[in-house]
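First the structure, in the form of structure tokens, and then the observations on it.
The values are calculated or read from the model by the stated rules, or taken from the named source; none is laboratory data. Keep in mind that this is a model prediction, so the values were computed, not measured. Please note: Cβ atoms are built from the backbone with ideal geometry, for glycine as well, and neighbour counts cover all protein chains shown. The protein model used for the area step is the full one, side chains on, heavy atoms only, and it has no ligands, DNA or RNA in it. Shrake-Rupley method; radii C 1.70, N 1.55, O 1.52, S 1.80 Å.
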Amino acid sequence: MSLLATEILTPRYELAWYPWAVQYFFMIAISYSALMLSLPGLVFRRERFLPLARLALLVAVTCTLVGPVALLADLHQPARFWHFYASPAPWSWMSIGAVLLPPYVVLTILYGYFAWRPALVTRGAEGQGWDAKLARLLCLGNWQTPQLAVIVFGALAALFACGIMLYTGAEIAILASRPLWNTNWLPVMFVLTGLIAASGLVMLLNRLMAGANADVYRQGLKVILVAILGAAVVAATWFIQGMTGYSPSVQAALESVRHNPDWTAIAAWALSAGVVLFLVTVAMLRAPKWQRWAWLLGLLAIHMGWAFRWLVLMEVQTVAKNTAGYYHLAVEAGSYGLLGIIGTFGLWLAVLLIIDILVPWRDVNNARSATY
Amino acid sequence: MDFARRTLLGQMARLTAGAALVPLSSLANAGINDQPPRREGDSSKRYAMLIDLRQCIGCQACTVSCHIENEAPLGSFRTIVSQYEVENEDTGDIATMMLPRLCNHCEAPPCVPVCPVQATYQREDGIVVVNNEACVGCAYCVQACPYDARFINEKTQTADKCTFCAHRLDVGLLPACVESCVGGARIIGDIRDPDSQISRMMAEHHDDLMVLKPEQGTSPHVFYLGMDERFVTRPLADPAIWDVRDNEGKEIGYEFAGH
Ligand code: SF4
Ligand code: SF4
Ligand code: SF4
């Protein structure tokens, strides 16, 4: 017997997580991914990865500074954030995240500081201009930058970055209430799309701020290639798990959006964006003369990383829990909606420009950090 | 296939209703996302609600009285009676289905372990409450509840939900929704007391009781009598009324979709 049912009265269900959440997940994913990209050059001291590492470090530090601001803004009671530390709940992933985040931020800043300090010392020694004075101020006294500090803080920050990867993914993936979230593949997907976006941003900044270094483009493209292949395997596995009924939760997830034209459109778009990204990346790696356009591909990569989070965190909230219907997703202007999105990006840009003025990040050099 | 699946869910619903009678005692103290220890409340009791759908006329008296008693902001509800218009595709017959929804005060509530500041907790008597002085408004619990029983109260900017009117129960009064129900469809009581009305009714109708979304493993403690098992999990229904808002987001009316 088949039924046609109509829910006559539907209360309004508000979004519980605002676009701020997307901004946090986006910023923090770029932060930990960029941090990873900086390791070969700065912690393992491979010379040919140094140009990549300089940019990646800049991206990591700026995003690490801005991410937590967006997180705070997503709380409905931001002034109560200290409750996280006054009454922690070790069984809650969010509480674990609240414990991991501050040391991660501090370690990343220290990593950046010690990597940048030798260059600051050099700039401080050059003349009497305001930038030299500022640099001397930022050197915090007259002492030799410990050679090991970059390696130690870089490695520690990387360790905490793994914790951030784990908690941001697990926090969402454990929510059985939403089958579209409730999969172990979600944390993996967050990391892979984070790597894609971070590489994209590094390639873009390479064009805008670092004179379009060819090594950076090539290395960035390779990271994107590996990550997009990984993402394709993960997406295909998730889909097959659902179609075959191997995972009832994925099956329920597919079922929940199957007949919705918006979701079909989203899936088609995601698939084509992924295919385009993959094909162009392969083409550029095979024909180096095209690599000078890699920053354009970087824009697509950034977009993918962001749109994936928008899809996962915002669109999924519109799938009704109690019926087969959908809630209306209205992104309002004002601090909870558009303004929040634009504001986060604006803040990040401001932080980037300030660091660019204050810090000679282009001059980071392993050899020199040994002598100062 | 679909029918088989739903029948299976219906059976699960019954099983779960039965299993809930055995107290799940030792859930406390374990790893990530496990249930933290309960606190406060009378551990000799376990409150639960039985909703006799045969008596529900869909008048929304409970919705209104709860709204007044608990001062929920306009547009947010701790309880609501979902009303479905059901058409039999073969015969064209139309029937109406009423489904009062509220917090299920689950035995394994997924909303509790997610709370990062221990603001949401379960009392010893099974009632799940929010301390809105501690709540940081992260809305994690709102996401974790499979029943949409929670919302962020726009006045307090903290999580809000049905409390079984604990403030009334604790002084010997009945919850507002129970008090105001014209058909006496909502029965609340202590299921550890074998002589309570709810215990007697649960014993009498044991095999016909159902809970919502049993597959979520939450072990709800709102039991439905006279339930159509196709409504136990997300019914294949489309919402028909949406509110209409003006450009500033102010509500200006309702609209029927697809009518
Ligand atoms: S119905 Fe939702 S809010 Fe109520 S106890 Fe269960 S999970 Fe928590
Ligand atoms: S919204 Fe409040 S009660 Fe809910 S999880 Fe966050 S802090 Fe806890
Ligand atoms: S028990 Fe109280 S809070 Fe819960 S639905 Fe009834 S009136 Fe509302």
**OP:** Could you give the C-alpha radius of gyration of the protein assembly as shown expressed as a fraction of 2.2 N^0.38 Å, taking N as the number of residues it contains?
**Re:** 1.08
**OP:** Using the 2.2 N^0.38 Å rule of thumb for compact globular proteins, work out how the range B:33-167 stacks up: its C-alpha Rg over that value, please.
**Re:** 1.17
Original post:
Roughly how much of A:Tyr13 is accessible, in Å² to the nearest 10, using a 1.4 Å probe?
Top reply: 60
Subject >> Rotationally averaged projected area of chain A (alpha carbon convex hull; nm²) >> reply: 21.9
Subject >> Surface/4 of the Cα convex hull for the range B:46-115, nm² >> reply: 7.5
Original post:
Between A:Asn142 and A:Leu296, what FRET efficiency comes out of the Förster formula 1/(1 + (r/R0)^6) with R0 = 51 Å and r the beta carbon distance, rounded to 0.05?
Top reply: 0.65
**OP:** May I ask you to derive the FRET efficiency for A:Phe239 and A:Leu358 from their Cβ-Cβ distance with R0 = 51 Å, giving the value to the nearest 0.05?
**Re:** 0.60
Subject >> Ellipticity estimate at 222 nm from DSSP helix runs (n ≥ 4, -39,500 (n - 2.57)) divided over chain A, nearest 500 >> reply: -24000 deg cm²/dmol
Original post:
So how far apart, in nm, are the two label points at A:Tyr246 and A:Asn184 if each is 7 Å from Cα heading toward Cβ?
Top reply: 1.2
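Just order B:55-65, A:122-132, A:56-66, A:194-204 by mean Cβ neighbour count inside 10 Å, highest at the front, would you?
Top to bottom by mean Cβ count within 10 Å: A:194-204, A:56-66, B:55-65, A:122-132.
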Subject >> Per-residue average of Cβ from other chains inside 10 Å of A:69-76 >> reply: 3
**OP:** Compute the Kirkwood hydrodynamic radius of the range A:131-222, taking the inverse of the mean of 1/r over all pairs of distinct Cα atoms, and give it in Å to one decimal.
**Re:** 16.8
Subject >> Ordering of B:144-155, B:66-77 by burial proxy (mean other Cβ atoms within 10 Å per residue, highest first) >> reply: B:144-155, B:66-77
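Could you grab the relative contact order for chain A? Cα pairs under 8 Å, six or more apart, rounded to a whole percent.
Computed value for chain A: 26 percent relative contact order.
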Subject >> Rounded Å value of the spacing that divides the Cα centres of the range A:128-198 and the range B:170-228 >> reply: 50
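Which whole number gives the average, over all residues in B:156-162, of C-beta atoms from other chains lying within 10 Å of the residue C-beta?
Mean partner-chain Cβ count within 10 Å for B:156-162: 2.
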Original post:
Ignoring ligands, DNA and RNA, how much accessible area is buried between chains B and A, both sides summed, with a 1.4 Å probe, to the nearest 100 Å²?
Top reply: 5600
Subject >> Sequence ranges A:134-143, A:309-318, ranked by mean other-Cβ count within 10 angstrom, highest first >> reply: A:309-318, A:134-143
**OP:** Return, ordered by residue number, the residues of the range B:123-146 whose backbone nitrogen is under 16 Å from a label point located 7 Å along Cα→Cβ of B:Ser44.
**Re:** B:124-126
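How many percent of Cα pairs in the range B:2-237 exceed 24 Å? Write out the running numbers ahead of the final one.
Working: 12185 of 27730 pairs.
Taking all Cα-Cα pairs of the range B:2-237, the fraction more than 24 Å apart is 44 percent.
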**OP:** Mind counting lysine pairs for me in the protein assembly as shown? Cα separation below 25 Å, and the two need to be 8 or more apart along the chain or on different chains.
**Re:** 10
Subject >> Relative contact order (%) - the range B:19-164, alpha-carbon pairs under 8 angstrom, separation at least six >> reply: 23
Original post:
Computed over the Cα atoms of the range A:173-323, what is the ratio Rg over Rh, Rh following Kirkwood?
Top reply: 1.04
Subject >> Around B:Cys66: net Lys/Arg minus Asp/Glu count, Cβ-Cβ under 13 Å >> reply: +1
Original post:
To the nearest Å, what is the center-to-center distance of the range B:91-149 and the range A:227-265, using C-alpha atoms only?
Top reply: 28
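What is the range A:183-329's relative contact order, in percent, from Cα pairs under 8 angstrom and six or more apart in sequence?
On the way: 146 pairs, mean separation 50.9, N = 147.
Relative CO of the range A:183-329 lands at 35 percent.
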Original post:
If a helix is a whole DSSP H run, which ones in chain A reach 27 Å or further along their own axis (Cα) and hold a mean Kyte-Doolittle hydropathy of at least -1.0?
Top reply: A:19-42, A:50-74, A:93-125, A:149-173, A:185-209, A:214-243, A:261-286, A:294-313, A:338-358
Subject >> Shielding by partners, peptide B:83-96 (average Cβ within 10 angstrom, other chains) >> reply: 3
